[in-house]
Number of protein chains: 2
Amino acid sequence: MTTGQTAFTRRDMLRAIGLIAGAGAMYQAMTALGHAAESQFTGAPDLSGAPRGAKVVVLGAGLAGLLAAYELERAGYEVQVLEYQNRPGGRNWTLRGGDTYTELGGATQTVRFAPGNYLNPGPWRISHHHRAILHYCRAFNVRLEPFIQFNNNAFVHSTHAFGGRPQRYRDVAADFHGNVASLLATAVNTGGLDHAVTQDDRERLLEALKGWGTLDDSLTYRKGLHVSGQRSYARPPGAGADGAPLPSDLLPFHDVLDPVVWKSMKFFTSYDMQPTMFQPVGGMDMIGKAFASRLPHQITLNAKVTGIAQDEKGVTVRWADTRSAEMHETKADWCVCTLPLTILSQIDIQVSAAKKAAISAVPYASHAKVGLEFRRRFWEEDEAIYGGISFTDQEIALVSYPNDNFHAAGPAVLLGAFALGRGGYDLAGMTPEERIEAALKQGEKIHPQYRKEFLSGASVAWSRVPWMLGCRARWSEADRAAHYQNLVSMEGRIVLAGDHASYMAGWQEGALLSSLDAIRQLHHRATAV
Amino acid sequence: MTTGQTAFTRRDMLRAIGLIAGAGAMYQAMTALGHAAESQFTGAPDLSGAPRGAKVVVLGAGLAGLLAAYELERAGYEVQVLEYQNRPGGRNWTLRGGDTYTELGGATQTVRFAPGNYLNPGPWRISHHHRAILHYCRAFNVRLEPFIQFNNNAFVHSTHAFGGRPQRYRDVAADFHGNVASLLATAVNTGGLDHAVTQDDRERLLEALKGWGTLDDSLTYRKGLHVSGQRSYARPPGAGADGAPLPSDLLPFHDVLDPVVWKSMKFFTSYDMQPTMFQPVGGMDMIGKAFASRLPHQITLNAKVTGIAQDEKGVTVRWADTRSAEMHETKADWCVCTLPLTILSQIDIQVSAAKKAAISAVPYASHAKVGLEFRRRFWEEDEAIYGGISFTDQEIALVSYPNDNFHAAGPAVLLGAFALGRGGYDLAGMTPEERIEAALKQGEKIHPQYRKEFLSGASVAWSRVPWMLGCRARWSEADRAAHYQNLVSMEGRIVLAGDHASYMAGWQEGALLSSLDAIRQLHHRATAV
């Protein structure tokens, strides 16, 4: 990093390198400048020179479809969006009091949350490196607030450790660090690593382990006030005659090695999950609504696509009005299809066998979420937990606390389950009432206040969501190798988009990056002479 | 933790244990119940039965004085607060555009920040376990927002490592973890720790190290996409034909052992500093203002205390009006003196030699802060840094980014220096203009945009603050042993309070806990027959 060189200059230079020498060269240049790339987002797309009167039909009004429609419309294309649901947004979705939702199987839930409370059944957090979605939030004045995510005072709970008692993250993490540091220091000092570490680095390493791991002079991790300064106190520092702190007991090493401990630690430091993260103030659907408000005449709701055909002259989409069952045909020059693969694989679409194989190849995950409303914020009042996540090895997987309106009186909603894998399928097999009971039963192992304070709940098991049939694409390496390029390349007048057509399945950022790539391909073809 | 047992019951029981068997037994009981104490705060004080007409003079309108005045007034005491400055709040202080500040030596700064921007020269963050200050924030409807503190995308900068180039925290932390895990796994596998770890735990430990440290099957920490998923990518995951991620290069192990790396890691996981933390929306002084607004007639400003006398009948405080130089005397039954020890040690106070020795014993730290206003939030726009702290081994010590109004257009203020120790003294020795130049010169090593985007700055070197002569008490263990109990015990009609009379010097929480203890002592004595 050289001084005096401004970010603008650097950015312009990188863009130039990207244009001239390709993306690979640009990323190399960025790394050489000490700037690993944050994102594949390179700014709003340049779609200048759109042909007059060219029409694009966009299938699906999730974020991928909405972005495509918004940018193509701005560029001069005529746009029509066909959306199956009676609202735009897709998985960019927020459930509030009064909302109803009917899942596959026919169970209908009416949400009873108090005004202002909500559940984001789909995406619920935005990373600082999700530059595309942050770009549009900024452009549309969607207010963001921190999604706390990582809270050292939240719990880690294992049914196989600590006698089943939830532990504060700070305690288990400090004890993990301390034990690891002490063991490694022992190994260094007994010469066991002389082949692996130079003499100079051995001394640096010992200093680092002593500091980072809060070891004593004998390089042991031991109960004491210094260690409590990294974990917690039996009696924390205070004032007056009894103000002196008392150290806390360490946890058994065997239990500290429980997988839920290091999996939690790893989760919070992973590239996708590490702070700073965000949520829109008031609910995730503020983003979809911001897009949709800029497309006041372009979105046709309640439109179930049944067929997508193309020839040299254009695209024809057949669809049914889900209220009247009346059939329609929409003709356009181009088509951006953002339907999830679970749905698209059941629709007659005129593309190559290779693309059809790609569309059918990828299975979808079946996550399930349960939102629980409680009379009061007992996690804040009783346990000093403000936002963030407690992890458990039970099927609910976690309890995530609201990141807004701290200290507010009255009811609040927390995420009482985010079940993945087997847990997701198990919750999907239950009625909505049974899901809430499961979330209460497992959650009260962490928060005994649950039963007394509970008001109502709402759940979404994604395999039962009629317009998704799953939560997100689950790409295997083999499927990537066989099908990804076939899926994302434009074929004739049709291009697919959505988080499934990205390396960020399940993230809104993936949907937006895919959509940007798709409309660039479309525009390139539409403007080729 | 047993199910069905509510928090209310637990809390009530603990309070009962505390009342009957004392604080020590209560803390033991809390630990036994799986709940380490969060704080020595046990709720608003019970001061019932205040004698009619009893008057208390409170010296100093910082948070300790304000709390004492507020609670004593509520309990029925007659209260008068004497404050040296022309505003209440003390170090609970926020500088905004238009504010002026004159330091010792005579230099006057007029702050030129844009409306809404501010610098908190004193306390700037509140921990989730600061239950006393959070109690009053809640009671007074002081709105809180997260103080991000820990941001994996902020920088770690050392003049002795990485060629002087700032590195993202996530990269250095991942490489530190990965190398430590791999070395320890090697030591375990070569039998070097067989004496220290049981066979069963060795297997658990290896599994944990592999997972936590993102090691490959040979238990090596190696460049690759898995590792990039914990640190960063050369090209992050995206969409379209070039959507595949590319792994990033690891940092040299020698550099990863630089002290600024593990010191940063340790800082963010320390009990005092770990998330969740808070700041009041709009500036820290919202708390002092909330207290002061509840004491509309009790506070006398511009009152310089010159003597504090007591006898069997009462207390007499001599003070000068700093505007007129007129001398006054205030008589009261009791006195809560919250003046900092730097000031109090220069005032004639009628207490024992032991207490006088305590008052004179404790040195104060000399921290210095510099706030810098820039044209735009380049750290957000160019570097995806939203809130949090970048650490450097230069004297400025850190750069801390605003935690509010993300994505806002227009100027924003960051904390460009929080110099401690030697650095604090060096900055105090400079003129305000020189401090800003130092902050710019050091800060641009991290952010080359500094010079181009800079608008104005403001600084506070605490050793030059006329009403403090330092930032906070620095208690040594020897001073604690010799003087602490003498300092905090009520003597006759005078009791001292303030963060200096606590084990949390420099924290507002310490001031409040001390004040609560002081007024309980006072009330106990005032109601003793």
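The values are calculated or read from the model by the stated rules, or taken from the named source; none is laboratory data. Being a predicted model, the structure only gives us computed values, none of them experimental. Cβ sites come from the backbone with ideal geometry, for glycine too, and all protein chains shown count toward neighbours. Protein only, heavy atoms only, side chains kept; ligands, DNA and RNA dropped before computing areas. Shrake-Rupley method; radii C 1.70, N 1.55, O 1.52, S 1.80 Å.
Scanning segment A:136-183 for residues that are within 9 Å of chain B (Cβ to nearest Cβ), more than 30 Å from A:GLY65 (Cβ to Cβ) and of a type in the set (D, E, K, R) yields A:ARG165, A:ARG168, A:ARG170, A:ASP171.
State all residues of segment B:107-124 that are out of contact with any strand residue (DSSP E or B) (no Cβ under 6 Å at 6 or more places or on another chain) and open to solvent by 50 Å² or more (accessible area, probe 1.4 Å); if no residue qualifies, say none.
Start the filter on segment B:107-124 by keeping residues that are out of contact with any strand residue (DSSP E or B) (no Cβ under 6 Å at 6 or more places or on another chain), which leaves B:107, B:114-116, B:120, B:122-124.
Within segment B:107-124, B:PRO115, B:GLY116 meet the criteria.
Scanning segment B:197-220 for residues that are in a loop (DSSP other than H, G, I, E, B) and either more than 8 Å from every other protein chain (Cβ to nearest Cβ) or surrounded by fewer than 17 Cβ atoms within 10 Å (Cβ to Cβ) (or both) returns B:THR198, B:GLY213, B:LEU215, B:ASP216, B:ASP217, B:SER218, B:LEU219, B:THR220.
Name the residue that is most open to solvent (accessible area, probe 1.4 Å), counting only residues in segment B:184-196 that are facing chain A (nearest Cβ under 7 Å), not in a helix (DSSP H, G or I) and not small (Gly, Ala, Ser).
Keep residues of segment B:184-196 that are facing chain A (nearest Cβ under 7 Å), which gives B:184, B:186-187, B:190, B:192-193, B:196.
Remaining after also requiring not in a helix (DSSP H, G or I): B:190, B:192-193, B:196.
Narrowing further to those that are not small (Gly, Ala, Ser): B:190, B:193.
Working: B:THR190: 94, B:LEU193: 1 Å².
Taking the candidates together, the pick is B:THR190.
Residues to consider are A:LYS263, A:LYS223; find the one that is open to solvent by 30 Å² or more (accessible area, probe 1.4 Å) and either facing chain B (nearest Cβ under 8 Å) or part of a helix (DSSP H, G or I) (or both).
Numbers: A:LYS223 fails: either facing chain B (nearest Cβ under 8 Å) or part of a helix (DSSP H, G or I) (or both).
Answer to the check: A:LYS263.
Of the residues in segment B:266-296, how many are part of a loop (DSSP other than H, G, I, E, B), of a type in the set (A, V, I, L, M) and within 16 Å of B:LEU119 (Cα to Cα)? Selection size over segment B:266-296: 2. Against the definition (of a type in the set (Gly, Ala, Ser) and within 13 Å of chain B (Cβ to nearest Cβ)), how does A:SER293 come out, yes or no? No, not satisfied. Set side by side, the residues A:ARG74, A:ARG138 differ, and just one is part of a helix (DSSP H, G or I), in the same structural domain as A:PRO340 (by TED's automatic domain parsing), surrounded by fewer than 24 Cβ atoms within 10 Å (Cβ to Cβ) and not small (Gly, Ala, Ser), which is A:ARG74. Taking residues in segment B:196-215 that are within 11 Å of A:TRP262 (Cα to Cα) and not assigned by TED's automatic domain parsing to the domain that holds B:LEU183, and partners anywhere that are open to solvent by less than 10 Å² (accessible area, probe 1.4 Å) and acidic (Asp, Glu), not one pair has Cβ atoms closer than 8 Å while being at least 6 places apart or on different chains.
Restricting to segment A:449-466, name every residue that is of a type in the set (D, E, K, R) and open to solvent by less than 50 Å² (accessible area, probe 1.4 Å).
Pass one, segment A:449-466, residues of a type in the set (D, E, K, R): A:451-453, A:464.
Within segment A:449-466, A:GLU453 is the sole residue that qualifies.
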